[in-house]
1. Restricting to DSSP loop positions (anything but H, G, I, E, B) with no more than 15 other Cβ atoms inside 10 Å of their own Cβ, which chymotrypsin sites (Phe, Trp or Tyr not before Pro) remain in the stretch 35-74?
2. Average projected area of the Cα convex hull of the stretch 179-218, in nm²?
3. How much net charge surrounds Asp207 when only other residues with a Cβ under 12 Å from its Cβ are counted (Lys, Arg +1; Asp, Glu -1)?
4. Determine the sum of side-chain charges near Leu137: Lys and Arg each +1, Asp and Glu each -1, restricted to other residues whose C-beta is under 13 angstrom from that of Leu137.
5. Which of the peptides 26-32, 154-160, 216-222 is most tightly packed, and how do the rest follow, going by the mean number of other Cβ atoms within 10 Å of each residue?
6. Net charge around Glu91, counting only other residues with Cβ within less than 12 Å of its Cβ (Lys, Arg = +1; Asp, Glu = -1)?
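Rule-based calculations on the coordinates, nothing more; no lab input. Since we're looking at a predicted model, the values are computed, not measured. Positions of Cβ are generated from backbone atoms using ideal geometry, with glycine treated the same way; all protein chains shown enter the neighbour counts.
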Amino acid sequence: MSRRWRLAELARLAGVSEQQVRNYVHTGVLPPVTRAANNYRVFTDQHADAVCTARILAVGHGWVRARAVLAAVHGGDIPAAVAMIDDGHAELARERATIAAATRAFTEAADDPAPTTRRPLLIGEVAAEVGVRTPVLRLWERRGLLRPRRHPATGYRVFDPAEQRAAHLVAVLRRGNFAFDIIDAVIETLRTSGNMTRVLAELARRDQQVDQHSRRRLAATAAFYAYLDKHYPDQPSLGEIPMPRRRIRATVPLMRLITAPPVR
């Protein structure tokens, strides 16, 4: 039998204020709330499960996506919620691919003393290769991180192989939220010494961060699936998955994951 939860109890469970719980109801992070005869809100075990799921989703996917996912579920659009979860994992997959490509590029650079034998690229080609928009490359150029040359006839920016590798590295480090002063130092080391040791070390460090983030995102997705499996078991998309039924509890297990330290 489902118990009733008081507003203060849900707030303590989530580690937020009572007003924040009200905000969760208003924005759809929690399912709709009925009212008792005394006009008090009636919170159930589903609300407790939802608030725990929201917190662990935020750890793995970020608050923006966590809010959007649960709002879609509670608004009746579970396929949209699942698509957003897929997008989150795809982002990390693209990040892994970018790191791998940059690592290959810099490893080749370390073994190749004459990289100028490779084809120069225009700014649009480099942007597509490193996964950013062309204005971002122009911004990095203004900051001194990139130094493309200009084509003598057209004036277009031309990125030689060395600048292509620099663009790859800047993109990876920016996605890892490295400060610009760190990126400046790494790029300067690359330009002045040609020593790839520090460059490859930073790439390896970022790869480890992505792996940690991926594990947390996977745990968050598992908690989200458990929430759907418990409270929306009749969804066709869930019924087709031959997985054992494990019920989430709105107590210690989820909250233990919530308190995991964030990826820096």
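1. Working: sites: Tyr40, Phe43, Trp63; in loops: Tyr40.
Sparse-neighbourhood loop chymotrypsin sites (Phe, Trp or Tyr not before Pro): Tyr40.
2. Details: hull surface 11.8 nm².
Spelled out: convex hull of the Cα atoms, projected over all directions, averaged, 3.0 nm².
3. Values: positive: Arg96, Arg175, Arg205, Arg206; negative: Glu95, Glu202, Asp211.
So the environment of Asp207 carries a net charge of +1.
4. Numbers: positive: Arg133, Arg138, Arg142, Arg143, Arg147, Arg157, Arg174; negative: Glu125, Glu129, Glu141, Glu163.
Net charge around Leu137: +3.
5. On the way: 26-32: 17.3, 154-160: 15.4, 216-222: 18.9.
For the peptides 26-32, 154-160, 216-222, the packing ranking is 216-222, 26-32, 154-160.
6. Values: positive: Arg65, Arg94, Arg96, Arg175, Arg217; negative: Asp86, Asp87, Glu95.
Charge balance in the 12 Å sphere: +2.
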